[in-house]
Amino acid sequence: ELWADNSELGNWLGGRNVAVKIGNDIFIHGGLHRGSIEAGYTNEEINTLFKSNARIASRSARSTAVFASATETMPGPIACRNYIDSCYGKVPINDLNYVLEKCEAEKMIIGNCTVSDVKYADLANYGNRVIAIAVDHTKYAYNTSRERSAGMLVENGTYYSVSYKGSKAMLDQW
């Protein structure tokens, strides 16, 4: 019922894009899997798939159509969390290279994979080409032991982490 056509959340989510290319960056809900690109999904098709299935009331049916992860038999186009969360193994560098090349992008910016700070994901392997931006605001916003990142700002081609207090630092310095 929460996701149904007649619910506020279902209507709101059903109208949102989950794969957007801005400049040389691809912003994606939870990571883009190589299998989705090989299957021929375009950003427009991924967004259409999400929107048409976001309102399915049954979580299992919705998950099968849209949110299947790379650890399942058929990778979903928007939920390859293995760039950020390595509990099922990291996405191989060749797969990242393939996805970015086919998307004509230099960076993949991933939401919906909770991190403590906006940061480059697996800098040692991916370089500065994968950025995790889904900060758990309920957990970290009120932690005042240090200034925490709350979001990302791109300004003149430079990537910044912006704090809850409004300060910014180059992403690799956070």
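Inter-label distance, Asn125 to Thr158: 3.1 nm, where each label sits 7 Å from its Cα along the C-beta direction. A Förster radius of 35 Å, combined with the Cβ-Cβ distance separating Asp136 from Glu38, puts the computed FRET efficiency at roughly 0.60. Couplings 3J(HN,Hα) of segment 93-101, computed from phi: 4, 4, 5, 4, 4, 4, 4, 5, 4 Hz, in residue order, whole Hz [Karplus 6.51 cos²θ - 1.76 cosθ + 1.60, θ = phi - 60°; x for Gly and Pro].
Since every read-out is calculated from the coordinates, none of them should be taken as a lab result. As the structure is a computational prediction, the values presented were derived from the model and not from experiment. A quick note on method: Cβ atoms are made from the backbone with ideal geometry, for glycine too, and the neighbour counts reach across all protein chains shown.
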